[in-house]
Amino acid sequence: METAPKRTNYLNADYGIRSWLLTLDHKRIGILYLISITLMFLLGSLFAVLIRLELLTPAGDFVQADTYNKLFTMHGIVMIFFFLVPSIPAVLGNFLLPLMIGARDLAFPRLNLMSWYVYMVGGIFTLWAIITGGVDTGWTFYTPYSTTASHSNVLMTAVGIFITGFSSILTGLNFIVTIHTMRAPGLTWFRLPLFVWAHYATSLIMILGTPVVAITIFLVGIERAFGLGIFDPALGGDPILFQHLFWFYSHPAVYIMILPSMGVISEIITCFARKRIFGYEFIAVSSLAIAVFGFLVWGHHMFTSSQSVYAAMIFSILSFAVAIPSAVKVFNWTATLYKGSISFEAPMLFAMGFIGLFTIGGLTGLFLASLGLDVHVHDTYFVVAHFHYIMVGGALMGYLGAIHFWWPKMTGRMYSEWAAKVSAVLVFVGFNLTFFPQFVLGYLGMPRRYHAYPDEFQVLNVMSTTGASILGLGYLVPLCYLTWSLWRGPLASANPWKAAGLEWTTPSPPPTENFETTPVVEEEAYTYPLKEAEVV
Amino acid sequence: MSSFSLFPESASTISGQVDALFFFMVGTSLFFGLLVAILVIYMAIRYRRRAGDTGAGAEIHGNLQLEIAWSIVPFVIAMVMFYWGASVYMTMARPPDDAHEIFVVGKQWMWKLQHLEGRREINELHVPVNQPIKLTMTSEDVIHSFYVPAFRIKADAVPGRYSTAWFEATKVGTYHLFCAEYCGTEHSQMIGRIVVMEPNEFQDWLSGETTVADAGSAMVDATRSPAEIGAELFVARGCTTCHQGAAGVMGPSLAGLYGRERNFADGRSAVADEAYLRQSILEPQSQILDGYQPIMPTFKGQIDEEGLLALIQYIKTLEPNEG
C-alpha cells in the first residue's frame, strides 16, 4: 500500500468530527453532501426495489395497497428532493466551482455550510415522516387528495421539503455570486468551462423556482392543518391552481437535475476525445435558453386536466421549442468526437451512455409535448419511462461520470478502472432493460401508480424488474470499489486524465486554499491538446 | 382485452389518428436517434486513440452553418409535430353535435355512469357502436381520470367543475376503463369495462332491467331519466317559487335558457352551459343576471353531484315556448 507524501491538503489539514461539522471549506462541504446524498440514494433505491418486487406479479400480493402507494411516493420524494436536485450541484458544484474558476472558496462559505445543515434538517423531518408512517400522496402532492383525503404524514413531509428547498436557494445564490465576482484574472465569461455555465443556469432556476414550490407546499400545509380553502373546491378553492403552482417549479426542477449533467458531459467528452468542444457558445447559451424556456412549459403536465385548449396549445408549442437547445447540445457533443483522439476510460463510458439515454429521453419528451398523443400516454408508464430516461439515464449517468472523472481530484486516489468499466456497462444495459419496456407498457395503456394491474402487462413488468436487478448491481459495484480505493487505491497525480481546466493544475487532493498562487487565465477552455508543460 | 401484445387495440374513430401521429413520431425519433447513435459509434471507432498516437485531436472550434442547420431543421420538424398533435387534440376537444350524452361521476373508488334514458351503471359502461358519445364528468371527492386506452382518450374528473370528453367506438367488444389520476388506496382497483354493443342490442339493454340502485343518492329510482328526476328536484327544492312561468319579479325564467348568452349586473356575460348552470345553483351570488336582485340562496352541500346533473339536465329540456 502506498502512503501519501506529507503534503498538507484539505483532507489532512485538520482531523476530528468537529473539523468536518464546522468546516467552511467548500471541498469538505462537498464531501459532507456526498455522504448525505449517497445515504438518501440508498434509501430511495430500497423503495424502488420493493416497488419492482410488487410489480413482478399482476396481483397486489407483495405489499398492501397503502404500503405500495407510500413506497412510490417516498421513492419519488427521496430521489428528487434529497438526491437528484442536490446531487451534482451540491457535491461536485461545491467542490469544483471555486477550483474551476481559480478561486479560494465560494463567495459565502458560512452560507454554504448553513445550506448543508438546512438540507440535513429538512432530511430529518422527511425521514421522521417516513419512519412514523410515511406519506402516500405521490411526490406531486395533488390536491385535494393531499389536503383533505390522505390519512398519511403529509404535513411532516411538507415541512421537510419546505426546509430543504432553502438549501437549494442558498446554494444557487452562492454559485451565482461566486461566478460573477470570483473568477481568476483573465477568466472571461466565454473562457469558463461549460460545467460552470451549466451551474450558472441551474442556479438561476434554483433561486427563481424553488420559492414557488416552497409557497405551494406551505399553502398545502395550511389548507390541511387549518382548513383554509385554497385548493379544495369544497372549501371554495381550486385544485387545478395547485397543479399550476406545483409544475411552475417542478418542471424547471427537471432542468435543475439535468443541466449540471450536461455540464459534466462537456468536460468529459473534450478530455477523452482530446478535442476542443465543438460550438462552445452554442452549448453555453443553450443552457441559459433551457433555463429560461423551462419556466414557460409547465402546462404540458396538465393537458388532460380540463385546462383551456388554447392554453394547452401555447404550452405544447413552447415545449417543442425547449427541445431544440437540448438537441443542439447533443449534436455538438457528437461533433466534438469528430477527428478526436478518443480513449475509453470509465468516465467516457458513462458520458457516452449519457448521450444514448438522454437522446431517448429527450425524443420521447416530444411525444408528451404533442397534445393529441399526450392525452393517451399521460399518467401511464410511458411518462414513467420518459422521465427516468432523463432523470436517471441522464442526470444519474452524468453524476456517475462526474464522480469517476473527479474522484482522483477529490480523494487523491485512483479506483479500479476495470471494475468501473463493468459498472458503466451494467448500468447502461440494466437501465435500458428496466425502462424501455415501460414505454411499451405506457402505450398499451398501463396507468402509473398501480398497485395491481391486468394480466396482459405482466411479461413487460417482469422484464423491467429483471433489468432493475442488473441496474441495482451496477450501482452497488461502484459503492464497493470507490470505498475500497479510499484506502487501497493507487495515489492519483494532479492530472491523471491529462485534462484541461484549472482544477487539474493543483495537486490531488487540493490544498485547503486550492491554489498556491492565484492562476491567471490566458486561453479559452478546453485547450486540447495540452502542452507538455501543462501536464503535471 | 386480456392477452399479451405489444400494441394496444384500436377501437375508436380517434384512435387511428393518434396511432398515425405516434408512428410518425416514432419514425422521426428513430431517424434522429439512430443518426446520433451511428455517428457516435462510428467516430468512437474511427477516431479511437491508437498505440503511438500523439493524443492530439484536431483543432476545430465549431461551424456556424452546421449550428444553424441543426437548430432550424429540428425546429421545423418539431413544429410539424406540434401542428399535427394540436389538430388531433382539437378533434378530441370538440364533441360532434349529435353526440349521445352520458354523465360520469368519479368517487373513491368507483365510476358512476348515468345514461340520459335512465339506466345507471357502476364501473361498467354500455355504449352503442358507431355513435358519438359525449361524457360530462365531475368528481365527488378527489381528482380522478377517465381513461380508455383502446379509444386513446383520457380526461380528468375534477371536483367542483365539469370536464368533457367524447369518443365514437368503431368495434363491438369489451375494453378497459382505468382511473389514470392517482386517487388513494384503491386507485388501481378503480377500473371497469366499456362494453360496445350493436345499436339494436344496446336499445334492448337500455330498456332492460336496472341493475344498480344507490339509496343514498337523489336517484333512488334508477329506471327514470335524469331529466325526470331533475323535474322532481326542481319542485322539491323550491326552485319553482322564483323560476316558474314567465320572467318573474323574483327570478328569471329558465325556459330556453341553455345555450343562450347571459348578461350580468356587473357587466360580464357568459353562455349558459353546464358549468354556468352548476355555478348558478352552487354560487348564485357570483353571477347575478342584469335586472335582478341577489336574493337566491346557495344550494352548495344540499344537492349531490348526480342530483346537480339531473337538475341541469331538466333545465336543458325546458323549451323557450314552455311556461
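The values are calculated or read from the model by the stated rules, or taken from the named source; none is laboratory data. Everything numeric here is computed off the predicted structure, so don't read it as measured data. Don't worry about glycine lacking a Cβ; one is built from the backbone with ideal geometry, like all the others, and counts go over all protein chains shown.
Within 12 Å of chain B (Cβ to nearest Cβ), at positive phi and not aromatic (Phe, Trp, Tyr): does that describe A:Ser316?
no
Quickly run through the stretch B:12-69 and pick out the residues that are aromatic (Phe, Trp, Tyr), within 8 Å of another protein chain (Cβ to nearest Cβ) and in a helix (DSSP H, G or I).
Once the filter is applied, which keeps residues that are aromatic (Phe, Trp, Tyr), within 8 Å of another protein chain (Cβ to nearest Cβ) and in a helix (DSSP H, G or I), the stretch B:12-69 yields B:Phe22, B:Phe32.
Among the numbered conditions (1) among the small types (Gly, Ala, Ser); (2) within 14 Å of another protein chain (Cβ to nearest Cβ); (3) under 23 Å from B:Ala310 (Cα atoms); (4) out of contact with any helix residue (DSSP H, G or I) (no Cβ under 9 Å at 6 or more places or on another chain), tell me where B:Ala99 comes up short.
The number of the failed condition is (2).
Looking at this structure, is A:Phe190 of a type in the set (Phe, Trp, Tyr), within 14 Å of chain B (Cβ to nearest Cβ) and surrounded by fewer than 20 Cβ atoms within 10 Å (Cβ to Cβ)?
Spelling it out, A:Phe190 is indeed of a type in the set (Phe, Trp, Tyr), within 14 Å of chain B (Cβ to nearest Cβ) and surrounded by fewer than 20 Cβ atoms within 10 Å (Cβ to Cβ).
Quick check: anything in the stretch B:109-125 under 21 Å from A:Thr140 (Cα atoms) and either among the polar types (S, T, N, Q) or assigned by TED's automatic domain parsing to the domain that holds B:Ile194 (or both)?
Yes; the residues of the stretch B:109-125 include at least one that is under 21 Å from A:Thr140 (Cα atoms) and either among the polar types (S, T, N, Q) or assigned by TED's automatic domain parsing to the domain that holds B:Ile194 (or both).
Examine the stretch B:37-50 for a residue that is out of contact with any strand residue (DSSP E or B) (no Cβ under 6 Å at 6 or more places or on another chain) and closer than 30 Å to A:Val377 by Cα, and state whether such a residue exists.
yes
Looking only at the stretch A:61-102, count every residue that is assigned to a helix (DSSP H, G or I), in contact with a helix residue (DSSP H, G or I) (Cβ under 7 Å, 6 or more places away or on another chain), crowded, with 21+ Cβ neighbours inside 10 Å and not aliphatic (A, V, I, L, M) and tell me the total.
11
Is it true that B:Val80 is within 30 Å of A:Phe315 (Cα to Cα), more than 9 Å from chain A (Cβ to nearest Cβ), out of contact with any helix residue (DSSP H, G or I) (no Cβ under 9 Å at 6 or more places or on another chain) and in a helix (DSSP H, G or I)?
Judged against the criteria, B:Val80 is not a match.
From B:Leu289, B:Leu308, B:Leu257, B:Leu277, which residue is more than 21 Å from B:Ile102 (Cα to Cα) and of a type outside the set (Gly, Ala, Ser)?
B:Leu289
Could you tell me whether A:Gly299 is of a type outside the set (Val, Ile, Thr), more than 10 Å from chain B (Cβ to nearest Cβ), buried (at least 23 other Cβ atoms within 10 Å of the Cβ) and touching a residue at least 12 places away in the same chain (Cβ under 8 Å)?
Yes, satisfied.
Look at B:Gln313 and say whether it is at pLDDT below 85 and either polar (S, T, N, Q) or closer than 25 Å to B:Ser163 by Cα (or both).
Spelling it out, it is not the case that B:Gln313 is at pLDDT below 85 and either polar (S, T, N, Q) or closer than 25 Å to B:Ser163 by Cα (or both).
Name the residue, out of A:Phe436, A:Phe457, that is aromatic (Phe, Trp, Tyr), more than 24 Å from A:Thr67 (Cβ to Cβ) and at pLDDT 95 or above.
A:Phe436
Mind checking which residues of the stretch A:9-60 are of a type in the set (Val, Ile, Thr), farther than 30 Å from A:Tyr450 by Cβ and either assigned to a loop (DSSP other than H, G, I, E, B) or in contact with a strand residue (DSSP E or B) (Cβ under 8 Å, 6 or more places away or on another chain) (or both)?
A:Thr23
Go over the candidates A:Ser485, A:Ser464, A:Ser469 one by one and state the one that is in contact with a strand residue (DSSP E or B) (Cβ under 8 Å, 6 or more places away or on another chain), among the hydroxyl-bearing types (Ser, Thr, Tyr) and part of a helix (DSSP H, G or I).
A:Ser485
Tally time: how many residues in the stretch B:264-292 are more than 24 Å from B:Glu117 (Cα to Cα), surrounded by fewer than 17 Cβ atoms within 10 Å (Cβ to Cβ) and without any contact (Cβ under 8 Å) to a residue 24 or more places away in the chain?
The number of residues fulfilling the criteria is 10.
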